[in-house]
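For reference, the structure is listed below as structure tokens.
Laboratory data are not the source of any read-out in this text; all were calculated from the coordinates shown. Nothing here was measured: the structure is a model prediction, and the numbers come from that model. Every residue, glycine among them, receives a Cβ derived from its backbone with ideal geometry; neighbour counts consider all protein chains shown.
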Amino acid sequence: SAPAHELPPPTELPDPADLPADPDLPDPFETFGGEAVERRADWLARRAEILDLFRRYVYGYAPDPPEIETAAERTPGVLDGAATLTEVTISFPDLPADAPSITMALFLPANADPNADTDTDGDSPAETGVPVVLGLNRAGNQVTVADDAVTILGDAPRGARQEFWCVDRILDRGYGFATYFCGELAPDSEDVGGATAGGGSTAGIHATYDAAALPGPPGSEWGTIAAWAWGLHRCVDVLRAVEGVRAHQIAVLGHSRRGKAAVWAGATDERIALVVPHQSGTGGVTLSRANDQESVADITGAFPHWFADDFDAFAGREAHLPVDQHLLVACVAPRPLLDTEGSLDFWANPDLAHESLRAAAPVWTFLDADGMVGDGLLAGDDEISRATAGDLCQYRRDTEHTLNRGYWDAILDFADAHFE
Ligand code: GTR
């Protein structure tokens, strides 16, 4: 007989229309079938169940990890000598020849590069490598820094977003920075217009997989957010094997729609040591129930391709969702998560993101981790340490919908607190 907390196979899960309504947030410690989560093993089963429910009703089922092939090109002395750039082309030999590949750019601090020609007094930290922040970029790797060595992807100019990514600061703080361009793997609405309207997605990597071969029923095929997260996982596959990278200290960050992908990637992959969803909003950290900013109807109306086709069945029926986003946050536990938000970024609903963290926090406690300290809210110049931020915290700055140096200082302080 099936173990107590095992969900029925995806094809036997109820249609969205048949799910009961509950205006309260689903309890992390009560299974879909109504059983209590009492032991650690129960939580592991509940976590697997939660992720399957998110696959079935929210983000869609992605294909299994594929075979990958890599080709790397290394350029020392980029960014005025501060870094070594390694560009890795990640391709998929078992997919059709026209399948997209991922061009990952990795910048390691020059003094941490085991092959660098720098004078390190023979005392280099190379044996252990450095932690790496993996960021999903919107418009091409070349926008993150102004350096001719980076391969151009798309139309945006070099360095266009250097004040956003602050790669100089990341490297100064002793971290590596890796990035890939989401549109290279799965084009977004801006690039493909109405081609993907109607839910799910047929563009980019989606086109190279037979939707019928994915595990779920029709309506549950992976959308664009799941594809971007899948791409982050492929970058993690590769990063872990790069000399100079500390494999167990890979953090993932994305902004907004890419923040949704970052938290989905982090929730589903325990190799990701720290998760930073930046202003991720609806479909990210922010709750779907009672959201008076971006509703499920708003987001599935404007961006149907981001999600599984069936997610729009919850437009105006959020109370019927068997999950809400706090359960996704909870799947990161006991690993650390810093939710960074702009207090003027109303559409992302920082208050409801904070509610989501608070509802997830008991899972850290259940797993004997530090979890949330106090009300789990820091801002501006507040000190960020293990004692003030714990494992789960929202950090705010007085900005609208953007990323800048002030956020990076906080993010790197949080990372130091966990990685040192
Ligand atoms: C908005 C969308 C948000 C967020 C944002 C972005 O239009 O409603 O959910 O993803 O785009 O990605 O900047």
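Calculated from DSSP H runs of 4 or more alone, at -39500 (n - 2.57) each and per residue, what is the 222 nm mean residue ellipticity of the chain, nearest 500?
Roughly -7500 deg cm²/dmol at 222 nm, from the helical runs in the chain.
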Two-decimal ratio, the chain, of alpha-carbon radius of gyration to 2.2 N^0.38 Å: 0.95
Short version: ³J(HN,Hα) in whole Hz for each residue of region 274-284, in order, from phi by Karplus 6.51 cos²θ - 1.76 cosθ + 1.60 (θ = phi - 60°), x for Gly and Pro, what are they? 7, 10, 10, x, 9, 6, 7, x, 4, x, x
Once the Cβ-Cβ distance between LEU344 and GLU270 is put in as r, and R0 is 30 Å, what FRET efficiency do you end up with, to the nearest 0.05? 0.30
So for region 298-420, using the alpha carbon gyration tensor with a ≥ b ≥ c as root eigenvalues (a/c under 1.5 gives rounded; past that, a/b versus b/c decides prolate or oblate), I'd call it oblate
Net +/- balance of residues flanking TRP165 in space, Cβ distance below 14 Å, scoring K and R +1, D and E -1: +2
Determine the percent antiparallel among the DSSP beta bridges restricted to the chain, to the nearest 5. 40 percent
May I ask for the net charge around ALA211, where only other residues with Cβ less than 11 Å from the Cβ of ALA211 are counted and Lys, Arg are +1 while Asp, Glu are -1? -3
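Could you tell me whether region 311-382 comes out rounded, prolate or oblate from its Cα gyration tensor? Rule is a ≥ b ≥ c as square roots of the eigenvalues, rounded for a/c under 1.5, then prolate if a/b exceeds b/c, otherwise oblate.
Oblate.
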How far is helix 224-239 tilted, in degrees, relative to the longest principal axis of the Cα atoms in the chain, given as a value from 0 to 90 rounded to the nearest 10? 40 degrees
Compute the length gained on full extension between ARG317 and ASP210: take 0.36 nm times their separation in residues and subtract their Cα-Cα distance, giving the result in nm to one decimal. 35.5 nm
Please list, ordered by chain and number, the residues whose modelled amide H lies under 5 Å from the amide H of ARG246; skip anything fewer than 5 residues away on the same chain. VAL130, VAL132
